[in-house]
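Single-structure report; data block below.
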Amino acid sequence: MSVHEQFGEDLALHALGVLQGGERATLEKHLETCADCRGELEQLRGDMALMALSVAGPVPPGRARQRLMDAVAHEPRRTASSTQRSWWTFVPWVAAAALTVGLVVVWLQNSDLQREIAGLRNDSAQQSAELQRARDVVSTLTATDAMRVTLVAAKTPPQPQGKAIYVRDRSSLIFLASNLQPLPPEKAYELWLIPTSGAPIPAGVFKPDARGSATVVDPPLPAGVQAKAFAITAEPEGGSASPTMPILLIGAGE
Amino acid sequence: MAALYDRYSAVVYSVALRVLGDTGAAEDVLQEIFMQLWRNPGLFDSSRGSLGPWLAVIARHRAIDGLRKRRPETDIEDVVVSVEPDMAGDAERARAMEKVRGALGSMPSPQRQALEMAYFDGLSHSEISAKTGEPLGTIKTRIRSGLLTLRKVFAA
């Protein structure tokens, strides 16, 4: 056994129970990791036991034996299973129980989160699908290469036409026109929202393509205006604040 | 319990009496230690030493606690004692006693004094140094080498 010599004297004092303060703390910390010094401490206690023999001789009076036997008779011996335990004996069990409860709580929370994430993913997928459908609709309606066909009575020559789709709550407007007459370069068509009361409101300036088709999507509009009708006029290229007569196309809501 | 008492009570009582200098107080220590052992036999772990030396060490600790009017400082479950003999038999104990006394008798007086003050009076090395006027380091060395001397007597 190789005892750390620097602790040799302190080990002897510790065995005698007289080491105090920082020296004791330092030694106890060392003993936690040094089996040799723990072994030496046990040896030193053995030396102390030998020291006790130096005073051996006196024997306790007979009454001491009787006193002990009486006390023993009045106090049932504990079985191993009911051995008194210090509170800290239960610490590992309490810690294990706490850990188990903690794990269950975490697991439940995790399950809740998983469900929430799954729900959000589902919502997100639905919203993405709806958004894609809306985009597809708008794309089809507004595509410059779309074939736009207006069906009329047979043998009727093509007529200029416009279709306005307006949602008041969202102030959203889609306008599709076909068979429009070409305009001089300094002129453009202007769409008007004619409210139930008040002056017509500009709803977008546009020029038709070579086939006479045009679209206006979500022009800036005041919120929540009740529309009575929509109309088209020919205006200067930059648009006008109020319509210039005549009205080329007009339609009222159904 | 009666058998254990008959075998080891003299060791416990004599060391308690030497420390406390009072038969009544020594009997109290005796009673306390054997009752503790009765209530909780698991206190002593036979795989880690013999009962006799263990009882001697515990008796000394408890007696010093009583002498200094302090709460028990040593948790007796933690005390492991490694020594032979077991001190159980009268003849064995008598031989061991003779050896120890011989060893103490052959020690230089200051060394024996330091060891006895630490062991029987429970004085710290600082207190012994203050009482004897000897340097602290010297007292520490004397205590340790005194215990090692006893060990050598039995190792021989």
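What residue, of A:229, A:203, is touching a residue at least 12 places away in the same chain (Cβ under 8 Å) and either of a type in the set (Lys, Arg) or surrounded by 18 or more Cβ atoms within 10 Å (Cβ to Cβ) (or both)? Matching residue, one of A:229, A:203: A:203.
Within the stretch B:1-21, the set of residues being within 7 Å of chain A (Cβ to nearest Cβ) and not in a helix (DSSP H, G or I) comprises just one member, B:1.
In the stretch A:117-140, the condition of being part of a strand (DSSP E or B) and among the hydroxyl-bearing types (Ser, Thr, Tyr) is met by no residue.
For the stretch A:174-188, the condition holds for no residue, the condition being that it is within 22 Å of residue A:240 (Cβ to Cβ), of a type in the set (Ser, Thr, Tyr) and in contact (Cβ under 8 Å) with a residue 24 or more places away in the chain. Each residue in the stretch B:103-120 was checked for being facing another protein chain (nearest Cβ under 10 Å) and more than 17 Å from the chain's Cα centre (by Cα), and 1 pass. Among the residues of the stretch A:47-64, write down those that are under 16 Å from residue B:5 (Cβ atoms), surrounded by fewer than 18 Cβ atoms within 10 Å (Cβ to Cβ) and at the interface with another protein chain (Cβ under 7 Å from one of its Cβ atoms). A:58, A:59, listed by residue number.
Among all positions in the stretch A:133-155, there is at least one residue which is exposed (fewer than 11 other Cβ atoms within 10 Å of the Cβ), farther than 18 Å from residue A:215 by Cα, under 30 Å from the mean Cα position of the chain (by Cα) and not aliphatic (A, V, I, L, M). Pairs are defined by a Cβ separation below 8 Å, a sequence spacing of at least 6 or placement on different chains, a first member in the stretch B:103-125 that is in the same structural domain as residue B:145 (by TED's automatic domain parsing) and within 16 Å of residue A:10 (Cβ to Cβ), and a second member that is buried (at least 20 other Cβ atoms within 10 Å of the Cβ) and among the aromatic types (Phe, Trp, Tyr); no pair meets this definition. Output the residues belonging to the stretch B:43-54 that are out of contact with any Gly (no Cβ under 8 Å at 6 or more places or on another chain) and touching a residue at least 24 places away in the same chain (Cβ under 8 Å). Correct list: B:43, B:45, B:48, B:50, B:51, B:52, B:54.
If we scan the stretch A:113-130, do we find a residue that is surrounded by 10 or more Cβ atoms within 10 Å (Cβ to Cβ), under 29 Å from residue A:177 (Cα atoms) and at pLDDT 80 or above? Yes: the stretch A:113-130 contains one or more residues that are surrounded by 10 or more Cβ atoms within 10 Å (Cβ to Cβ), under 29 Å from residue A:177 (Cα atoms) and at pLDDT 80 or above.
Given the condition over 16 Å from residue A:163 (Cα atoms), touching a residue at least 24 places away in the same chain (Cβ under 8 Å) and assigned to a loop (DSSP other than H, G, I, E, B), answer yes or no: does some residue in the stretch A:244-254 qualify? No, the conditions are met nowhere in the stretch A:244-254. Among all positions in the stretch B:80-92, there is no residue which is in a helix (DSSP H, G or I), at pLDDT 75 or above and facing chain A (nearest Cβ under 7 Å). Of the residues making up the stretch A:35-46, those that are buried (at least 17 other Cβ atoms within 10 Å of the Cβ) and over 20 Å from residue B:61 (Cα atoms) number 1. Being loosely packed, with under 14 Cβ neighbours inside 10 Å and within 12 Å of another protein chain (Cβ to nearest Cβ) is the filter; apply it to the stretch A:7-34 and report the residue that is farthest from residue B:153 (Cα to Cα). So, considering only residues that are loosely packed, with under 14 Cβ neighbours inside 10 Å and within 12 Å of another protein chain (Cβ to nearest Cβ), the one farthest from residue B:153 (Cα to Cα) is A:21.
Might you check whether a residue that is more than 9 Å from every other protein chain (Cβ to nearest Cβ) and among the basic types (Lys, Arg) occurs anywhere in the stretch B:37-54? Among the residues of the stretch B:37-54, not one is more than 9 Å from every other protein chain (Cβ to nearest Cβ) and among the basic types (Lys, Arg), which makes the answer no.
Looking only at the stretch B:129-148, residues that are more than 9 Å from every other protein chain (Cβ to nearest Cβ) and either of a type outside the set (Gly, Ala, Ser) or in contact with a His (Cβ under 6 Å, 6 or more places away or on another chain) (or both) come to 8 in all.
The values are calculated or read from the model by the stated rules, or taken from the named source; none is laboratory data. Please read all numbers here as calculations on a predicted model, not as lab measurements. No Cβ is skipped: glycine too gets one built from the backbone with ideal geometry, and neighbour counts run over all protein chains shown.
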